[in-house]
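Structure first, commentary second.
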């Protein structure tokens, strides 16, 4: 059972009916989902491999190159050549959304602020067809190695750096066309009621600590963004202090930023005036939050 304090807040945010639906969705495992790595393959070739290896699949509506896998677990797939060769990447559906919202273009200079394990970094590289500059930062040395391995396996052209993104702005002011800030968070959207470890850490103190780090990361990100550039902020939590309130603070702190409307392929709750979108957990995807801003020239 989730902490009562959390349940009370969720009910206040979204209503009791929505909380009942969410907690049902938080029980058990979701279907494994994957993204075709277009740097190494294409949808047709991957679907043929699926058929040849008896992998049952279904396209995900609204997300290019995404598939549900119906008869294999993530652990089983990790050992298969289609994964180890980098032709597909096992990735949650909501994890695929921030790069799509970012909409990177070939030739641009992009920063992935908190990049490990590399899911979104390599998706950005694929969207850019490996043409342009991507800097992917991670402060933790162990996680940097995971990031490097992902980038290598996926064949992505990425400059991986072991660096603290909260101070990176001293080195790279107004350097990037677009920045993805998929930040560390309290992870409420990823809680699984069958795994106590996924929610036993929850506390208001933890939310406050994450919010402080997020502000430091965002201050640095805005400084590194070129005039006219795009900043996408995302979390896998439902906590207002890390989501809507964070965007409201950001827009107030930096008048040069303006919120942009975004359209997602899933039903969401749109929170005005920040134009951000919150996705509540379902049987298909985890809870998520995403917002997009542009720095005026």
Checking residue 1 against (1) over 22 Å from the mean Cα position of the chain (by Cα); (2) loosely packed, with under 11 Cβ neighbours inside 10 Å; (3) free of Cβ contacts under 8 Å to residues at least 60 places away in the same chain, only one condition comes out false. Which one? (3)
Answer with yes or no whether residue 184 is surrounded by fewer than 14 Cβ atoms within 10 Å (Cβ to Cβ), part of a loop (DSSP other than H, G, I, E, B), in contact (Cβ under 8 Å) with a residue 40 or more places away in the chain and not assigned by TED's automatic domain parsing to the domain that holds residue 36. no
Per the filter on segment 187-224, residues closer than 18 Å to residue 294 by Cα and not in a helix (DSSP H, G or I) are none
Taking residue 277 as meeting all but one of (1) modelled with pLDDT under 95; (2) out of contact with any strand residue (DSSP E or B) (no Cβ under 6 Å at 6 or more places or on another chain); (3) crowded, with 23+ Cβ neighbours inside 10 Å, write down the number of the exception. (2)
I need a count of the residues in segment 40-65 that are in contact with a helix residue (DSSP H, G or I) (Cβ under 9 Å, 6 or more places away or on another chain), under 19 Å from residue 266 (Cβ atoms) and part of a loop (DSSP other than H, G, I, E, B). 4
Taking segment 147-162 as the search range and keeping residues that are out of contact with any helix residue (DSSP H, G or I) (no Cβ under 9 Å at 6 or more places or on another chain) and closer than 15 Å to residue 112 by Cα, which one is surrounded by the fewest Cβ atoms within 10 Å (Cβ to Cβ)? 159
Tally, over segment 281-297, of residues that are more than 17 Å from residue 62 (Cα to Cα), within 17 Å of the chain's Cα centre (by Cα) and outside any strand (DSSP E or B): 2
Candidates 230, 237 - the one that is crowded, with 23+ Cβ neighbours inside 10 Å, touching a helix residue (DSSP H, G or I) at 6+ places or on another chain (Cβ under 9 Å) and either at pLDDT 95 or above or more than 22 Å from residue 192 (Cα to Cα) (or both): 237
Selection within segment 27-73 - under 24 Å from residue 287 (Cβ atoms) and surrounded by fewer than 16 Cβ atoms within 10 Å (Cβ to Cβ): 27, 28, 29, 58, 59, 61, 62, 64, 70, 73
Quick check: anything in segment 81-88 closer than 29 Å to residue 292 by Cβ and touching a helix residue (DSSP H, G or I) at 6+ places or on another chain (Cβ under 7 Å)? yes
Would you confirm, using the coordinates I've provided, whether residue 76 is under 30 Å from residue 157 (Cα atoms), surrounded by fewer than 18 Cβ atoms within 10 Å (Cβ to Cβ), without any contact (Cβ under 8 Å) to a residue 60 or more places away in the chain and out of contact with any helix residue (DSSP H, G or I) (no Cβ under 8 Å at 6 or more places or on another chain)? yes
Scanning segment 99-113 residue by residue, those touching a strand residue (DSSP E or B) at 6+ places or on another chain (Cβ under 6 Å) and buried (at least 23 other Cβ atoms within 10 Å of the Cβ) turn out to be 102, 104, 110, 111, 112, 113
Take segment 27-45 and flag every residue that is more than 21 Å from the chain's Cα centre (by Cα) and closer than 19 Å to residue 125 by Cα. 40, 41, 42, 43
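The values are calculated or read from the model by the stated rules, or taken from the named source; none is laboratory data. As the structure is a prediction and not an experimental result, all values here were calculated from the model. Virtual Cβ from ideal backbone geometry, glycine too; neighbours counted across all protein chains shown.
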